[in-house]
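What follows is calculated from the coordinates using simple rules that are stated; it is not laboratory data. Because the structure is predicted, anything quoted here is derived from the model rather than measured. Ideal geometry is used to build each Cβ from the backbone, glycine not excepted, and the neighbour counts take in all protein chains shown.
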Amino acid sequence: MTGPRPARLGHTRIAPAALRHTIEAVAAGAFGVRGGDVSATLADDAGKLGVDLSVRLPTPQLLGRTGQQQSAFERAGIARQGISSLSRQVTGMDCGRINIRIAGAGRRAIEPRVDAKQDRRKP
């Protein structure tokens, strides 16, 4: 009978492209845009992950709803916090700086396919 196996020492590596795609997906979710509307560049930031994001946000509608919408700066601030938190949970890496560059895009934001009134599932 053999005893318990000794713990194997080692390390885990995350490929830079995989890390970049993960950060892009997290950022797309935070802004509510498609993954193709976000691009990221990663760098070392004093031992933390430095992130430079370029996000294409849809231009606001000129006709139609005129509800309270947040400014692009407010959205970026809220998204920055979400990106930092979720990327830490997913990758295990702390983000240092997160620079966000916002550009206009011709696509509309992702909207839910089924709203709460149409959802027939029981809570």
Using Cβ counts within 10 Å as a stand-in for footprinting exposure, how do R80, R5 rank, fewest first? R5, R80
Under Karplus coefficients 6.51, -1.76 and 1.60, residue-wise ³J(HN,Hα) of segment 11-22 in Hz, glycine/proline x: 8, 10, 10, 10, 4, x, 5, 5, 5, 4, 5, 5
Given H placed on each backbone N at 1.01 Å, which residues far from G50 in sequence or on other chains put an amide H within less than 5 Å of it? A43, D44, D45, G96
If packing is taken as the mean number of other Cβ atoms within 10 Å per residue, what is the order of 72-78, 9-15, 53-59, highest first? 53-59, 72-78, 9-15
Phi to ³J(HN,Hα) by Karplus 6.51 cos²θ - 1.76 cosθ + 1.60 over segment 84-93, Hz, x for Gly, Pro: 4, 5, 5, 5, 5, 5, 7, 9, x, 10
